[in-house]
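Note sheet for the following structure.
The values are calculated or read from the model by the stated rules, or taken from the named source; none is laboratory data. The structure displayed is predicted, hence computed values, not measured ones. Virtual Cβ from ideal backbone geometry, glycine too; neighbours counted across all protein chains shown.
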C-alpha cells in the first residue's frame with residue numbers, strides 16, 4: 001500500500017512546475033540530508049555515496065525536470081568503487097548506480113520537497 005501512495009505522489013508531482021536544471025539546490029539537498037538518517041535503512045550518511053537529481057518530467061518534454069521532487073541513489077561506501085559523500089554529477093544520467101548493486105548496499109528513493117516527505121522503502125536490515 002505504501003508503494004501505491006508513493007507512486008501516486010510521484011505521478012502527481014510530475015505534473016508540477018518544471019525546470020531545465022536537473023540538479024537540486026544545496027538547500028534542497030541539505031533538507032533531504034537531514035531527513036535521510038532518520039530512516040532505519042540509511043543511518044549515518046558518512047557510510048554512503050549519495051547522488052541527487054530532480055525527478056525527470058513525465059510530460060514528454062525532453063530535458064525537463066520537476067522542481068518539487070528529488071530522486072536519489074545511495075551506495076554503501078567501500079572506499080574503492082563508492083566513496084562516501086555527495087557524488088558530483090555532470091549529466092543527469094550519472095546519478096544511476098551502474099552494475100548489479102542491490103539492497104541493502106544500494107538504495108533508491110524520492111523526496112517531496114514541499115511536504116518534507118521521504119519516499120524510501122527497504123526490506124533489508126537496519127543500517128549500522
Original post:
Are any of the residues in the stretch 54-62 closer than 18 Å to residue 26 by Cβ and free of Cβ contacts under 8 Å to residues at least 24 places away in the same chain?
Top reply: no
Original post:
So which residues in the stretch 31-46 are in contact (Cβ under 8 Å) with a residue 40 or more places away in the chain and either under 15 Å from residue 110 (Cβ atoms) or surrounded by 15 or more Cβ atoms within 10 Å (Cβ to Cβ) (or both), if there are any at all?
Top reply: 31, 32, 35, 36, 39, 41, 42, 43
Original post:
Somewhere in the stretch 88-106, is a residue part of a strand (DSSP E or B), at pLDDT below 95 and surrounded by 12 or more Cβ atoms within 10 Å (Cβ to Cβ)?
Top reply: yes
**OP:** Output the qualifying pairs, or none if there are none: Cβ atoms under 9 angstrom, residues six or more apart or on different chains, first residue in the stretch 63-75 and on the phi > 0 side of the Ramachandran plot, second residue surrounded by fewer than 22 Cβ atoms within 10 Å (Cβ to Cβ) and at pLDDT 90 or above.
**Re:** 63/22
